[in-house]
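Structure record follows, encoded as structure tokens.
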């Protein structure tokens, strides 16, 4: 992360905002991993998700729900991944909190089992997954 670069989330054009509430806004990711990939971003510049206020966290996840309904209508995805990268070791490249809401579609990857566990590829498929299928 280049901490001296201007924050790309602090001065977003109003035309890019899909939804907003008192603390956050949602916009489409400029580098989407799937059709409809949205970011939920607090207006206040905060680097670490764990430093958000309780109100900011609540309104952020409220906006996740609103955005999910929009994506259901606009893109009809088959599932979703929701993720937050906290720190360079976790892959955070923009030093402003943002929640990824990523629509998923049947067949978008060969073996989706493990979902977000795939951030560490060798841990994506784990022994015992069959035990959870009931």
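Only the coordinates and a few stated rules stand behind these numbers; no lab work does. These figures come from a predicted structure and were not determined experimentally. Glycine also receives a Cβ, built like all others from the backbone with ideal geometry; neighbour counts cover every protein chain displayed.
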Taking just the alpha carbons, could you work out the radius of gyration and Dmax for the chain, both in angstroms?
15.9, 51
If one computes the Cα centroid of segment 96-111 and of segment 57-95, what distance in Å separates the two points?
9
Rounding to the nearest 10 and keeping the result within 0 to 90°, find how far the Cα-based axis of helix 54-75 lies from the longest principal axis of the chain.
60
Return the calculated 222 nm mean residue ellipticity for the chain, to the nearest 500 deg cm²/dmol, obtained by summing -39500 (n - 2.57) across DSSP H runs with n ≥ 4 and dividing by the residue count.
-5500 deg cm²/dmol
Order these peptides, 23-32, 85-94, by their mean beta-carbon neighbour count within 10 angstrom, highest first.
23-32, 85-94
In the P(r) worked out for segment 1-45, what percent of Cα pairs fall beyond 11 Å?
69
